Amino acid sequence: MIATVLIAAAGLALSVLLIKVLAGWGERQFMRVINARLNSAEIIVNEGKLPEDWVQPFREQIEGIQLKGGSESNMERVGRRARQRCLHNMDDTIKFFQERNVTDSEDTRQFLLGSLKKRRDWVATASWQDLLAPEASAQVAAEAPVED
């Protein structure tokens, strides 16, 4: 009888510990996602360029194609995939800020959304070379400042 109670208590303690560990892990994952969204938006709005983790894999693919003497059509294919991925990421970022109130005021939120939408429009129309060139993407953003 005592053995059964001890086993049940140990099982309960283990269950509580597991729940606590999983809750902590979930909270850390949630904060990681929130911080990543905020950092991406900050880079897009304040620096006028796309986050490096969005474009760097595609830059590396283009470099690999160039090193192998690949064709322009192969690089264009990578450029199209880069545009699709960046548009997807922009849409996710815009949706995130539309659905969540994480800014200090409605004016800030509207400015942020306007800036993100303007940058999304640029991504949709820019050449793949401009999209993947860090200097060109930041330069285009500097030439066309975001208006309120």
- Query: Under 28 Å from the Cα of LYS95, which lysines turn up, not counting those fewer than eight places away in the same chain?
  - Reply: LYS49, LYS117, LYS118
- Anyone know which of LYS117, LYS49, LYS68 comes out most mobile in the 10 Å Cα GNM of the chain? LYS68
- Relative contact order as a percentage, segment 14-122, C-alpha pairs under 8 Å and 6+ apart, gives 28 percent
- Query: Which residue, ARG28, ARG119, ARG81, has the most motion in a Gaussian network model of the chain that connects Cα atoms within less than 10 Å?
  - Reply: ARG28
- Using alpha carbons only: equivalent-ellipsoid semi-axes of the chain, gyration tensor based, whole Å: 44, 24, 10
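If you take the Cα Rg of segment 4-62 and divide it by 2.2 N^0.38 Å, with N the number of residues, what do you get?
2.04
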- Can you work out the FRET efficiency for the pair ASP107 and GLU52, with r the C-beta to C-beta distance and R0 = 35 Å, to the nearest 0.05? 0.75
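Span-like helices, the chain: DSSP H, alpha-carbon axial extent 30 Å or more, mean Kyte-Doolittle 0.0 or greater, which ones?
Helix filter hits for the chain: 2-42.
Values quoted throughout were computed directly from the atomic coordinates according to the rules given, and no laboratory measurement underlies them. These numbers were taken from a predicted model, which means no experiment stands behind them. Glycine also receives a Cβ, built like all others from the backbone with ideal geometry; neighbour counts cover every protein chain displayed.
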